[in-house]
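The values are calculated or read from the model by the stated rules, or taken from the named source; none is laboratory data. What you are looking at is a predicted structure, and each value in this text was computed from that prediction instead of being measured. Every residue, glycine among them, receives a Cβ derived from its backbone with ideal geometry; neighbour counts consider all protein chains shown.
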Amino acid sequence: MRLKAQLTVLFTLALAASASAQDNLPFYEEQARKDAQREQSSTFSSLEDEKDFWYDQVRYEKELKKQHSTAYRAYMEAKRIAYSKHAEECKNDCTHSDYYYQQASFYFTDKNDEIFPKEAIDGIVQVASPRIF
């Protein structure tokens, strides 16, 4: 439960920062890198703690998208780059949970109708295909 309280405080602080830093995109890029690093190195004492952790992260990103779409795009691009670098460094040496890989796949595929280049995730190559409108 302590983890949940800490995440709630972080979530609240991040939302407060978003209100005061509306045009401070470097803030969001740095926050994305920090979040990615925390996500890649987190360990959880229970499945419930991990589930809460990822739920809070997704909620933060949805709120950011709703409140400030430009900041959201900067945040998500920085997050994608951070996850890409981690996947490249990690190769098959890292072990992450299913929740982690599910979220990582979102960072590689969610790009506001733009196409990502080829990305490697834990030895699996994902190739973005053009969207047909």
Pairs returned, first residue in region 65-82 that is outside any helix (DSSP H, G or I), second residue that is crowded, with 19+ Cβ neighbours inside 10 Å, beta-carbon separation under 8 angstrom, 6 or more apart or interchain, are HIS68/SER18
Is it the case, given these coordinates, that GLN57 is of a type in the set (S, T, N, Q) and over 13 Å from TYR28 (Cβ atoms)? yes
Of all residues in region 68-111 being within 21 Å of LEU25 (Cα to Cα) and among the basic types (Lys, Arg), which is surrounded by the fewest Cβ atoms within 10 Å (Cβ to Cβ)? LYS85
Can you name the residue in region 18-54 that is surrounded by 15 or more Cβ atoms within 10 Å (Cβ to Cβ), of a type in the set (Gly, Ala, Ser) and assigned to a helix (DSSP H, G or I) and is also modelled with the lowest pLDDT among such residues? SER18
